[in-house]
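Beneath this line is the structure, given in structure tokens, with notes to follow.
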Amino acid sequence: MSTTGIPVNTPLLDGNERKYLLECIESGWISSEGPFVRRFEESFAERVDRHHGVAVCNGTAALDAAVEALGIGAGDEVILPAFTIISCIAQIVRAGATPVLVDSDPVTWNMDVREVEARITPRTRAIMVVHIYGLPVDMDPLLKIAARHGLAVIEDAAQMHGQTYKGRPCGSFGDLSTFSFYPNKHVTTGEGGMVLANDDKLADDCRSLRNLCFQPHKRFVHERLGWNLRMTNLQAALGLAQLERLDEFLVRKRRMGARYDAALSTLPAIQLPLVETSYARNAYWVYGIVLGEERDMDAEEAMRQLAARGIGTRPFFCPMHWQPVLQRKGLFESESYPVAERLYTRGFYIPSGLGLAKAEQDRVCEAVTEVLA
Ligand SMILES: *Cc1c(COP(=O)(O)O)cnc(C)c1O
């Protein structure tokens, strides 16, 4: 067993990754024109029950393309959770639209769907749903609200590969859904992402936006500004090999979650991830811990003490209304989202990667117990 530290994430790359990468090198296909890109798009789209998959260079880019494909711009409002990553809000703000926040459910840590309807105005164009840390958002009521008000839905499923809601794949909901393939996700391409849709026109728009909006017949004449968001054949080769093992990865993640539950659930004054809801079993994208308010110790202090014991951690998301860059734009003045604020100040996650060995997990449990007993 290694005596060095245990990183918060270690990917698992011992399937066909090497074989497929070699195929890229030996065939000379390394750019986005290579055959693995289409194979990965088709396989992934099939896995999440979508007609179209558009592979891009990361999950943030997938969200950017989704927001732009829906034509969201000045005068529009988009509802999204306060407790999420900056990637969700960036293009909304850059496009001149107004982000409107909702707080989290204290038990699932997901956006509180009951708060959504009160935030709808005549300017609302879309709801961005973000499934957080392993449990999906309660989609049925959310989709009903969206339909009743004629709103588009963007589903950020970056943490939900293989997860289902009432048996339906996460990423199959919404007009557009997005994934990330960063190394801490259940399927990784190093860096990578995908936008998925059923609608032909939305998918075509995303394909065009990904590729600088080159036009098929007048390549260097542009009607619209896009980006270069292309995924390479090398990345897609990795992704395809990873995708082949997704079911096995889910089993590993859930086993890891159950082991952490068994070791940590008797510790006082902490909240652990919910094992399941009526619509899903937790997929433990990461294993989070939220410190009770009766404790003096906050997340920062707990992470510091774990770091001193060689255990890697990450803080929970800092809520959008607390982001200096957004406050300086005059957004969210005097707004408060108490659950998201508490999750940020009291929450962090412990090593949860697919490559985490059992002996390492035991060491994490010992250290967490020392710090939090
Ligand atoms: C990881 C993640 C992203 C961003 O993906 P990148 O590939 O890192 O750009 C977006 N949304 C959520 C919810 C994520 O977890």
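Against the test of being of a type in the set (Asp, Glu), assigned to a helix (DSSP H, G or I) and within 28 Å of Met256 (Cβ to Cβ), the options Glu46, Glu68 yield a single qualifying residue, Glu46. Note on region 306-353: residues that are basic (Lys, Arg) and surrounded by fewer than 15 Cβ atoms within 10 Å (Cβ to Cβ) amount to 2. Asp76 passes every criterion in (1) under 30 Å from Phe348 (Cβ atoms); (2) in the same structural domain as Ile127 (by TED's automatic domain parsing); (3) open to solvent by 10 Å² or more (accessible area, probe 1.4 Å) apart from (1).
Total residues in region 55-70 satisfying the condition of being out of contact with any Asp or Glu (no Cβ under 7 Å at 6 or more places or on another chain) and within 18 Å of Thr188 (Cβ to Cβ): the figure is 5. For first residues located in region 172-191 and more than 9 Å from the ligand (Cβ to nearest atom), partners that are among the acidic types (Asp, Glu) and open to solvent by less than 10 Å² (accessible area, probe 1.4 Å) and lie 6+ apart or on another chain with Cβ distances below 7 Å form the pairs Phe173/Glu155; Gly174/Glu155; Ser177/Glu155.
When the residues of region 140-161 are filtered to those that are within 16 Å of the ligand (Cβ to nearest atom) and in contact with a Lys or Arg (Cβ under 8 Å, 6 or more places away or on another chain), the one that is farthest from Arg125 (Cα to Cα) is His161.
Is it true that some residue in region 226-239 is surrounded by fewer than 17 Cβ atoms within 10 Å (Cβ to Cβ) and either among the aromatic types (Phe, Trp, Tyr) or closer than 28 Å to Val56 by Cα (or both)?
Within region 226-239, one or more residues are surrounded by fewer than 17 Cβ atoms within 10 Å (Cβ to Cβ) and either among the aromatic types (Phe, Trp, Tyr) or closer than 28 Å to Val56 by Cα (or both).
Within this structure, Ala147 fails the test of being aliphatic (A, V, I, L, M), open to solvent by less than 10 Å² (accessible area, probe 1.4 Å) and over 24 Å from Ile289 (Cα atoms). In this entry, Gly193 passes the filter for residues that are in contact with a Cys (Cβ under 8 Å, 6 or more places away or on another chain) and modelled with pLDDT of 95 or more. Would you confirm whether any residue within region 113-131 is assigned to a strand (DSSP E or B), more than 19 Å from Glu276 (Cα to Cα), more than 16 Å from the ligand (Cβ to nearest atom) and of a type in the set (Val, Ile, Thr)? Yes, some residue in region 113-131 is assigned to a strand (DSSP E or B), more than 19 Å from Glu276 (Cα to Cα), more than 16 Å from the ligand (Cβ to nearest atom) and of a type in the set (Val, Ile, Thr).
Total residues in region 79-94 satisfying the condition of being open to solvent by 10 Å² or more (accessible area, probe 1.4 Å) and either within 12 Å of the ligand (Cβ to nearest atom) or touching a residue at least 40 places away in the same chain (Cβ under 8 Å) (or both): the figure is 6. Picking from residues in region 154-171 that are under 10 Å from the mean Cα position of the chain (by Cα) and in a loop (DSSP other than H, G, I, E, B), the one that is farthest from Asn184 (Cα to Cα) is Ala157. Within the option set Val78, Val107, Val8, being outside any helix (DSSP H, G or I) and over 25 Å from Gly353 (Cα atoms) holds for one residue only, Val78. Spot the failing condition for Thr60; the list is (1) within 16 Å of the ligand (Cβ to nearest atom); (2) open to solvent by 40 Å² or more (accessible area, probe 1.4 Å); (3) not in a helix (DSSP H, G or I), and only one is missed. Only one criterion in (1) within 16 Å of the ligand (Cβ to nearest atom); (2) open to solvent by 40 Å² or more (accessible area, probe 1.4 Å); (3) not in a helix (DSSP H, G or I) is unmet by Thr60, namely (3).
Of the numbered criteria (1) farther than 20 Å from Arg38 by Cα; (2) in contact with a strand residue (DSSP E or B) (Cβ under 6 Å, 6 or more places away or on another chain), the one Lys166 fails is (2). All conditions but one from (1) more than 16 Å from the ligand (Cβ to nearest atom); (2) of a type in the set (A, V, I, L, M); (3) assigned by TED's automatic domain parsing to the domain that holds Val102 apply to Leu250; the one that does not is (3).
Looking across region 181-212, just one residue is among the aromatic types (Phe, Trp, Tyr) and crowded, with 21+ Cβ neighbours inside 10 Å, and that is Phe181.
Scan region 85-104 for residues that are part of a loop (DSSP other than H, G, I, E, B) and either more than 16 Å from Gln327 (Cα to Cα) or not assigned by TED's automatic domain parsing to the domain that holds Ala152 (or both) and the total you get is 2.
When you look at Val54, is it closer than 30 Å to Ile350 by Cβ, open to solvent by less than 50 Å² (accessible area, probe 1.4 Å), within 16 Å of the ligand (Cβ to nearest atom) and out of contact with any His (no Cβ under 7 Å at 6 or more places or on another chain), yes or no? In short, no.
The values are calculated or read from the model by the stated rules, or taken from the named source; none is laboratory data. Fair warning: this is a prediction, and the values are worked out from it, not measured in the lab. A quick note on method: Cβ atoms are made from the backbone with ideal geometry, for glycine too, and the neighbour counts reach across all protein chains shown. With ligands, DNA and RNA removed, areas are computed over all heavy atoms of the protein, side chains included. Shrake-Rupley method; radii C 1.70, N 1.55, O 1.52, S 1.80 Å.
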